[in-house]
Amino acid sequence: MNIYQVNIETKGVAGTGLGGVAGSYGGRSITVVTGTLQEAMSIARTKITDKEYVQGVWETAKDAVVDYSQVTGQNC
């Protein structure tokens with residue numbers, strides 16, 4: 001699994017000067033653990049509203065080990 005940071009910005013509102021500015025990082029970010037960049041983008045698109053857009057996606061870790069026992073409540 002790989003870990004991706006996804007930056008999400010607010011779309012600008014025409015004529016008002018309000019909204020996200022590319023590179024401003026004034027929005028929010030989410031972390032996605034998945035196999036590929038394409039999957040991370042697809043997941044990110046399901047987490048935004050119609051007033052937001054995915055500003056960028058960065059791989060922050062490759063071949064990460066995920067301990068699923070913490071999620072399922074199992075002991076290793």
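Quick notes on this one:
- A cut-off under 12 angstrom between Cβ atoms defines the neighbours of ARG28, and their net charge, with Lys, Arg +1 and Asp, Glu -1, is -1.
- With a simple spin-label model that places each label point 7 Å from the Cα along the Cα-to-Cβ direction, the separation between VAL57 and GLN38 comes to 1.0 nm.
- Within-15-Å neighbourhood charge of ILE8 [Cβ basis; K, R +1; D, E -1]: +2
Bear in mind that the values in this text are calculations on the coordinates, not laboratory data. These numbers were taken from a predicted model, which means no experiment stands behind them. In this analysis, Cβ positions are derived from the backbone assuming ideal geometry, glycine residues included, and neighbour counts consider all displayed protein chains.
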